[in-house]
1. List the lysines whose Cα lies under 29 Å from the Cα of Lys74, skipping any in the same chain that are fewer than 8 positions away.
2. Taking R0 as 35 Å, what's the FRET efficiency between Arg278 and Glu240 from their Cβ-Cβ distance, rounded to 0.05?
3. Just the number please: accessible area per residue for the chain, 1.4 Å probe, all protein chains included, in Å².
4. Test of understanding: what is the full-extension gain from Ile13 to Trp104, defined as 0.36 nm times their sequence separation minus their Cα-Cα distance?
5. Explain nothing, just the number: dipole magnitude of the chain about its Cα centre with +1 on each Lys and Arg Cβ and -1 on each Asp and Glu Cβ, in debye rounded to the nearest 20.
6. How large is the accessible surface of Tyr131 in square angstrom, using a 1.4 angstrom probe and rounding to the nearest 10?
7. If you wrap a convex hull around the Cα atoms of region 111-171, how much volume per residue is inside, in Å³?
8. State the antiparallel share, in %, of DSSP beta bridges confined to the chain, rounding to the nearest 5.
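The values are calculated or read from the model by the stated rules, or taken from the named source; none is laboratory data. Fair warning: this is a prediction, and the values are worked out from it, not measured in the lab. Neighbour counts run over all protein chains shown; Cβ positions are idealised from the backbone, glycine included. Note: areas computed on protein heavy atoms with side chains; ligands, DNA, RNA excluded. Shrake-Rupley method; radii C 1.70, N 1.55, O 1.52, S 1.80 Å.
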Amino acid sequence: STRAFFEDNIQEICATVHECGGQVYMDGANMNAQLGLTSPGMIGADVCHLNLHKTFSIPHGGGGPGLGPICVRKHLAPHLQGHCVVNPSSAGSDPAGAVSAAPWGQAGIACIPWMFCTMLGKQGVLDSARYAILNANYMKARLEPHFDIVATNKNNRCSHEFIMDFSTIRKNTGIVEEDIAKRLQDYGFHAPTMSWPVPHSLMVEPTESEDKGELDRFCDAMILIRKEIQKIESGEWSTEDNPLKHAPHTQTEVCATEWTHPYTREEAAFPAPWTLKRGKFWPTVARVDNSLGDRKLKLRLEE
């Protein structure tokens, strides 16, 4: 489930849909927690697209590149897509038409998941799912004393991802998920998925590829941010002029002669020990108006 836990009764759900004459379409975005442990066919899905990004190692986000096979049960195979130039061997007898500009998709990207699976082998692919689940549950255990975690399964376990809900923080302090996401840049992190699938949240997906040190560094950053929010709750910092509301802080701003904020430059730009020890990743752009940017195709820089 995109709500970050495995639906224990998913087979029953699919069977009920089939009994009523329906078909089940499964989003393959969450295969990171399923490889070698379960499958769309075992669950009872009729159609599934497999997102090769993240789970199978191709880049995730940033506008692409996107690629993934569409898998179906035998009764839907005749309708698998074809192509007007060259029909791939998987095309059905009654193809639905092209869904990609090239018959086999983006070949330059398709070779990456092929190499990923070939080099890992059966056991390695299985282990990648297990590590992804273990990493997410480790981070959830570290962060749940500090943040509200969206409901997981009956054992209080998540799948390969978990969701932090900031609704209470938003109500008490005015700090919203965007403020926390922007503040993470000052700590050297690109923020995880924001405001989806739960409003006012961040969804963390560590995957199998990060070591424990990096998982701990992210958790430490989130815990330090929670302590900053406590300063707003106590009144030590203003609800309007604080490091979260003005994040991220650029080098130009921090090094300027004038500094008008009630918090220090060090608190703004070097909030954690590793930003000094291992080097600082400086955001190139300060806080922007996201909704304005969404509405305007072209923006003009005013000096």
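1. By straight Cα distance, Lys74 reaches Lys54, Lys122.
2. Details: r = 32 Å, r/R0 = 0.91.
With R0 = 35 Å, the Cβ-Cβ based efficiency is 0.65.
3. On the way: 17070 Å² over 303 residues.
The answer is 56 Å² per residue.
4. 29.5 nm
5. Rounded to the nearest 20 debye, it is 460 debye.
6. Its accessible surface works out to 120 Å², give or take rounding.
7. Considering the Cα atoms of region 111-171, their hull volume per residue is 106 Å³.
8. Approximately 70 percent, going by the DSSP bridge assignments.
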